[in-house]
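Contents: one structure, followed by commentary.
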Amino acid sequence: MHPILKISGITMKFGELLANEDVSFNIEDREIISLIGPNGAGKTTLFNCITGFCAPFSGKIEYDDQHSGCRDITGKSPDLICRMGITRTFQIVKTLNEMTVEQNVMTGAFLHTGSTAAARNESARVLDMTGLSGRKNVMGRNLTIADRKRVEIARALATKPRILMLDECMAGLNQTEVKDVMKLVIELRDQGLTILIVEHIMEAIMPISDKIVVLDAGKKIAEGRPKEIAENGEVIKAYLGEKYHAKNKEH
């Protein structure tokens, strides 16, 4: 069985700054993979390389699109990659403030249809799935941060992805809101999506991840199941810290 996404030797430079260095890992169909590491580790840069916002300096990204087998998508445009079934949210939410929640989500649906009625129907389906139906007529500018993040996820889902990439979708949320997002991520996986998450809230991603990839200073320093990562000495030193490790051992 081929992985749905194969990341091989990705290196990304900005001038002399090495943001990603020889990063490789595979993502299997219907997995929840979390990408963790300290600030400046290269997580969002890697997201940008996968989704076409950056063309990597070297390396290859291959996507099994179900139709024509494994395709090299390295350096393809973001709209083409999204159309093929890989979509993302952004660390800084990009809610369209002068549109309603429904209209925000419809903009994602227009990727695959020119019909307003079809886009509205797809928006209704996604709003129901993400618990936003009751907010559909609220203007983007009037949303809470939690609702903005949920709208961002809903708009991405309206593009009908196979791989959903979430960049810090839980940052700034309270404990209840974080649990709601965790529940949604598991539900989306159960409905057939493959999910790649960048996140700093370890208490949220450890219970829901099938696999965790750890970056530090642009390099992959570890990859494995959550329990393996929580006990990895190099990861504890670079990112998790002894306090997290001690707390994790108590449970």
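The values are calculated or read from the model by the stated rules, or taken from the named source; none is laboratory data. As the structure is a prediction and not an experimental result, all values here were calculated from the model. Counting neighbours? That spans all protein chains shown, and the Cβs are built from the backbone with ideal geometry, glycine included.
MET139 meets each of the listed conditions (1) in contact with an Asp or Glu (Cβ under 9 Å, 6 or more places away or on another chain); (2) outside the structural domain of SER123 (by TED's automatic domain parsing) apart from (2). Look at region 11-31: where a residue is closer than 19 Å to ASP216 by Cβ and a partner is among the hydroxyl-bearing types (Ser, Thr, Tyr) and buried (at least 19 other Cβ atoms within 10 Å of the Cβ), sitting 6+ places away or on another chain with Cβ atoms under 6 Å, you get MET12/THR45; ALA19/THR45; ASN20/THR45.
Checking the stated criteria, ARG189 turns out not to satisfy the condition of being crowded, with 19+ Cβ neighbours inside 10 Å and either under 14 Å from the mean Cα position of the chain (by Cα) or not charged (D, E, K, R) (or both).
Table: residues versus (1) under 19 Å from ILE205 (Cβ atoms); (2) at pLDDT below 95.
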position	(1), (2)
THR144	no, yes
ARG148	no, yes
THR159	no, no
LEU164	yes, no
GLU168	yes, yes
THR176	yes, yes
MET182	yes, yes
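Among the residues examined, GLY40 qualifies as of a type in the set (Gly, Ala, Ser), within 26 Å of PRO207 (Cα to Cα), surrounded by fewer than 22 Cβ atoms within 10 Å (Cβ to Cβ) and out of contact with any Lys or Arg (no Cβ under 7 Å at 6 or more places or on another chain). Is there a residue being part of a loop (DSSP other than H, G, I, E, B), charged (D, E, K, R) and either at pLDDT below 95 or surrounded by 15 or more Cβ atoms within 10 Å (Cβ to Cβ) (or both) anywhere in region 9-20? The answer is yes, given that some residue of region 9-20 is part of a loop (DSSP other than H, G, I, E, B), charged (D, E, K, R) and either at pLDDT below 95 or surrounded by 15 or more Cβ atoms within 10 Å (Cβ to Cβ) (or both).
Just wondering, is there one or more residues in region 209-223 that are modelled with pLDDT of 95 or more and either outside any strand (DSSP E or B) or at positive phi (or both)? Taking every residue of region 209-223 in turn, at least one turns out to be modelled with pLDDT of 95 or more and either outside any strand (DSSP E or B) or at positive phi (or both).
Flag set for VAL198, criterion: of a type outside the set (Ser, Thr, Tyr), modelled with pLDDT under 95 and closer than 30 Å to ASN26 by Cβ. Against the test of being within 29 Å of ASP65 (Cβ to Cβ) and assigned to a helix (DSSP H, G or I), the options ILE195, ILE153 yield a single qualifying residue, ILE153.
Where strands (runs of 3 or more DSSP E) fall wholly inside region 35-132, the ranges with 2 or more residues that are at pLDDT 95 or above are 58-64, 86-88.
From the list ALA146, ALA154, pick out the single residue that is surrounded by fewer than 22 Cβ atoms within 10 Å (Cβ to Cβ), under 22 Å from ILE186 (Cα atoms) and touching a residue at least 12 places away in the same chain (Cβ under 8 Å).
Values: ALA154 fails: surrounded by fewer than 22 Cβ atoms within 10 Å (Cβ to Cβ).
Matching residue, one of ALA146, ALA154: ALA146.
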